[in-house]
Amino acid sequence: MLLIAIEEQGNIHRAAESLNMSQPAASKLLKDLEDLIGVPLFDRLPRGMRATWYGESMIRHARIALASLGEAGAEIEALKAGHAGNVSIGAIAGPAMTLLPPTLARLHREYPDLRVSVLVESSDVLLEQLAQNRIDLMIGRLFPRHDTRNLQYEPLAEEDVCAVARADHPLLAGGRPSLAELAKASWVVPPEGSVLRHRFELMFQNAGLQPPRQVIGTAALVLVPRLLEGSDHLAVVPVDVARHYAGYGMVRQLPVELSCRMDSFGFITRTDWLLSPGARTVLASLRDVAGEVYGAASAG
């Protein structure tokens, strides 16, 4: 707990306060640990402390150990209270809109004492959360840059993207807009460095066009309808997200097919960590519902 507190707080004084310890006691505990293993765990800087490579390794294992102890305590309390446990799911936006709602409804009907929490984020963020045992499983993507040695990936479906605008946008009044017209428009797009942003810009470049110059970059899809409201911006979003917002009359999909498709997504779990009984129940329900939502049973 002290190692994690020092990393999060940046110095041993605040770390000790967060753990209700005195600073001398925390300093002695850290020194004893460093003497025991024979390496420095933190660099002492003028304005704080920074973990060494050895410290980063110890902190990673400390998080795993604390997560395991926390899970053990939670499972015991759940058994004592008659609950079925707690499960945390991570998902990217598309399947969060389409797959999770019917799955959670089914779980509520069939396992009313199973507590499920949901985190909607990018695949990169979710993989980090999975590695730290902060989520039990995730629905997302793997790219070549990701370390997959301890991961199991079950392909689920591909994700198309589309262009959306406010319901009375001028481009919706005519026919199918050309790519040249889209290049001149202002857009709400994913942030720089994201895969979809790169492919969106490449779509125009491959056609000999300059990518749109007036853009708002954001990963917060919940902001998209408000950013489009009262403006002539367009937005590139997953088709499932577009359908969700269109169902409430918040946006309309432009009658144009974009070539900047995303890679398939799927279920991702860790091979070096056993799923709890509750997490296995959730994954089984996700697989069943995926067959209904995406038209084919998931592998596995």
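Worth a mention:
- Which numbered condition THR98 misses (of (1) surrounded by fewer than 21 Cβ atoms within 10 Å (Cβ to Cβ); (2) touching a helix residue (DSSP H, G or I) at 6+ places or on another chain (Cβ under 6 Å)): (1)
- Selection of the range 160-189 for residues being in a loop (DSSP other than H, G, I, E, B) and either under 21 Å from LEU283 (Cβ atoms) or open to solvent by 30 Å² or more (accessible area, probe 1.4 Å) (or both) yields ASP160, ARG166, ALA167, ASP168, ALA173, GLY174, GLY175, ARG176, SER178.
- Exclusive hit being open to solvent by 20 Å² or more (accessible area, probe 1.4 Å) and within 14 Å of the chain's Cα centre (by Cα), set LEU137, LEU127: LEU127
- Among the numbered conditions (1) surrounded by 13 or more Cβ atoms within 10 Å (Cβ to Cβ); (2) in contact with a strand residue (DSSP E or B) (Cβ under 6 Å, 6 or more places away or on another chain), the only one that ILE4 does not meet is (2).
- Subset of the range 207-217 (residues that are open to solvent by 30 Å² or more (accessible area, probe 1.4 Å) and in contact (Cβ under 8 Å) with a residue 12 or more places away in the chain): ALA207, LEU209, GLN210, GLN214, VAL215, ILE216, GLY217
- Filter result for ALA157 (surrounded by 21 or more Cβ atoms within 10 Å (Cβ to Cβ) and either in contact (Cβ under 8 Å) with a residue 24 or more places away in the chain or more than 14 Å from the chain's Cα centre (by Cα) (or both)): no
- Here LEU274 passes the criteria (1) open to solvent by 20 Å² or more (accessible area, probe 1.4 Å); (2) among the aliphatic types (A, V, I, L, M); (3) not in a loop (DSSP other than H, G, I, E, B) except the one numbered (3).
- Condition check for LEU286 on (1) in a helix (DSSP H, G or I); (2) open to solvent by 40 Å² or more (accessible area, probe 1.4 Å); (3) of a type outside the set (Phe, Trp, Tyr); (4) touching a strand residue (DSSP E or B) at 6+ places or on another chain (Cβ under 9 Å): one failure, at (2).
- Pairs are defined by a Cβ separation below 9 Å, a sequence spacing of at least 6 or placement on different chains, a first member in the range 240-268 that is closer than 25 Å to HIS198 by Cβ and surrounded by fewer than 16 Cβ atoms within 10 Å (Cβ to Cβ), and a second member that is aromatic (Phe, Trp, Tyr) and modelled with pLDDT under 90; the pairs so defined are ASP263/PHE143.
- Pairs linking a residue in the range 1-19 that is closer than 17 Å to TYR54 by Cα to a residue that is in a helix (DSSP H, G or I) and hydroxyl-bearing (Ser, Thr, Tyr), with Cβ atoms under 7 Å and 6 or more positions apart or on different chains, are ALA5/SER18.
- Residue within the range 198-217 that is in contact with a strand residue (DSSP E or B) (Cβ under 8 Å, 6 or more places away or on another chain), aliphatic (A, V, I, L, M) and in a loop (DSSP other than H, G, I, E, B) present: no
- Restricting the search to strands (runs of 3 or more DSSP E) fully inside the range 27-117 and requiring at least 3 residues that are in contact (Cβ under 8 Å) with a residue 12 or more places away in the chain gives 48-51, 85-91.
- ARG280 basic (Lys, Arg) and within 25 Å of LEU100 (Cβ to Cβ): yes
- If you go through the range 124-150 and pick out every residue that is closer than 21 Å to SER285 by Cα and either of a type in the set (Gly, Ala, Ser) or in contact with a strand residue (DSSP E or B) (Cβ under 6 Å, 6 or more places away or on another chain) (or both), you end up with 9.
- Residue tally, condition modelled with pLDDT of 90 or more and either of a type in the set (A, V, I, L, M, F, W, C) or under 13 Å from LEU107 (Cβ atoms) (or both), over the range 259-278: 3
- All conditions in (1) in a helix (DSSP H, G or I); (2) at pLDDT 90 or above; (3) farther than 15 Å from LEU172 by Cα hold for ASP240, with the sole exception of (2).
The values are calculated or read from the model by the stated rules, or taken from the named source; none is laboratory data. Predicted, not measured: the structure shown is a model, and the values here were computed from it. Because the Cβ atoms are built from the backbone with ideal geometry, glycine has one as well, and the counts that use them run over all protein chains shown. Remember, those area values only see protein heavy atoms, side chains included, never the ligands or the DNA or RNA. Shrake-Rupley method; radii C 1.70, N 1.55, O 1.52, S 1.80 Å.
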